[in-house]
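What follows is one structure encoded as C-alpha cells, with my remarks underneath.
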Amino acid sequence: MNKLDYENFYDKVGKINGWDFSNIKSFSEGVRWELYEEVIKKCKVTDVLLDIGTGGGENILRIAPSLFFLIGIDLSSGMLETAQSNLNDSHAQNVKFFQMSSDDLTFPSGFFDIISNCHAPFCSTEVAKVLKSGGWFLTQQVSEADKLNIKKAFGRGQAYDDTDGTLKEQYIRELKEAGFSEIQSFEYDAIEYFDRPEDLMFLLTHTPIIPNFGEEEKDFEILNDFIEKNRKEKGIQTNSQRFLIIAQK
C-alpha cells in the first residue's frame, strides 16, 4: 500500500465507521514491548518529539507529560480531525498536530530530539534530516506474517505474498544509508484473541489487513467459517507479529 492509498483508505473508512477502537475486546499473549514505553525510556523532560503517522494522537497524548513538546503528523485529514478532538478533550498544552507527508518533513534540520513511528510509512532520509545528532528514532511495524491464518483463509491480504522479514531488512538498510550509526531490531509473534465476531469485524473494516474487505458477499461467508474454525476457549485466535527498530543518529 503506497502513501496515497494509505491516506485514501483511512479517510474513507473513518468517514464511514468512525475511529473508536476502544470498544474492541481483545488481548495478546507474548507481546515483548509497548512502543511508547520504549520511547519514554529514550526521552528527557526537555526533549521535543515528532510522531510520524500519529493517527488519532492517543499515543503521544498519553506520554505528553514526559516531554517538553510533541508534534504529531499524519497524511489523513480524517485521522487528524480525531487527533484534534482528542487533544481538545485532553487539555494538553504541549501537543500540536499537522497534516504532512512523511516524504517531506517541513521542519528545521535537527529540530527533534526523538522521533517515533507506529504502523505507518516513513522516509529514512527525512527522519535523519530533522533529527538531532545523537537523537533516537523508534519505529514499530507490522510484519508480513501478521494475521497469517486470516490471510490464508481469504487467500489474500496485506503483504500476503511477501517474504516475512522483507520490510524490516529494507528499513534497516535505508536507515544505515541515511547515516544512522547504531541500529537494533527486535521481533515478536504473539497469540491474539478477539472476544467477539464483532471485534474482528471492526478490525477488518478499519485496517487494510484484507484489501477491500466486505465488498464481496463471500467475504462474510469466509469470515464466518474462519471464526468457527479458530474459536478457542480464550476467544477467536489469530497472531500479532511486529518488529521494532531502535536507531541512533
query: Which aspartates and glutamates have a Cα lying under 15 Å from the Cα of residue 25, excluding residues fewer than 8 positions away in the same chain?
result: 192, 195, 198, 199, 233
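If we count other beta carbons within 10 Å of each Cβ, what is the order of 33, 136, fewest first?
Working: 33 14, 136 24.
Going from least to most buried by this count: 33, 136.
Classify region 192-238 from the C-alpha gyration tensor, please: rounded if a/c falls under 1.5, else prolate or oblate depending on whether a/b exceeds b/c. Don't skip to the answer; put the middle values down first.
Numbers: a/c = 2.48, a/b = 1.52, b/c = 1.63.
Oblate is the answer for region 192-238, as a/c is 1.5 or above yet b/c matches or exceeds a/b.
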statement: On the formula 1/(1 + (r/R0)^6), with r taken between the Cβ atoms of residue 84 and residue 185 and R0 of 35 Å, the FRET efficiency rounded to 0.05 is 0.55
field: Cα gyration tensor shape for region 83-168, rounded if a/c is under 1.5, else prolate or oblate
entry: oblate
Under-5 Å amide H pairs with residue 165, H placed in peptide plane, nonlocal only: 144, 145
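Counting each DSSP H run of 4 or more residues in the chain as -39500 (n - 2.57), what helix-only mean residue ellipticity at 222 nm follows after dividing by all residues, to the nearest 500 deg cm²/dmol?
On the way: 9 runs with 91 residues, N = 249.
Helix-only estimate at 222 nm: -11000 deg cm²/dmol.
Cβ neighbours within 10 Å, averaged per peptide: list 127-135, 164-172 in order, most packed at the top. Can you show the working numbers first?
Numbers: 127-135: 18.6, 164-172: 15.4.
Peptide ranking by packing, descending: 127-135, 164-172.
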message: Sort 81, 228 by Cβ crowding within 10 Å, fewest neighbours at the top.
response: 228, 81
- prompt: Once phi is turned into ³J(HN,Hα) by the Karplus curve 6.51 cos²θ - 1.76 cosθ + 1.60 with θ = phi - 60°, what whole-Hz value does each residue of region 239-249 show in order, with x for glycine and proline?
  reply: 10, 10, 10, 9, 10, 10, 10, 10, 10, 10, 7
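Over region 3-248, what is the mean sequence separation of C-alpha contacts under 8 Å (at least six apart), divided by residue count, expressed as relative contact order in percent? Present the calculation step by step, with values, prior to reporting the outcome.
Numbers: 442 pairs, mean separation 55.6, N = 246.
The normalised contact order for region 3-248 reaches 23 percent.
Compute the signed sum of charges (Lys and Arg +1, Asp and Glu -1) over the other residues within less than 9 Å, Cβ to Cβ, of residue 209. Display every interim value, and only then the final one.
Numbers: positive: 147, 151; negative: 146.
So the environment of residue 209 carries a net charge of +1.
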- prompt: How large is the charge dipole for the chain, taken about the Cα centre, if only the Cβ atoms of Lys, Arg (+1) and Asp, Glu (-1) carry charge, to the nearest 20 debye?
  reply: 640 debye
field: Most mobile listed residue (215, 177, 144) in the chain, GNM with C-alpha springs under 10 Å
entry: 215
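When a/c reaches 1.5 or more, the comparison of a/b and b/c decides; with that in mind, is the chain rounded, prolate or oblate per its Cα gyration tensor?
On the way: a/c = 1.82, a/b = 1.53, b/c = 1.19.
Prolate shape, in that a/c is at least 1.5 and a/b is the bigger ratio.
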query: What pairs from 44/249; 96/132; 152/176 go past 28 Å between their alpha carbons?
result: 152/176
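No value in this document is a laboratory result; all are computed from the given coordinates. Note that this is a predicted model, so its numbers are computed, not measured. All Cβ positions, even for glycine, are placed from backbone atoms using ideal geometry, and neighbour counts span all protein chains on display.
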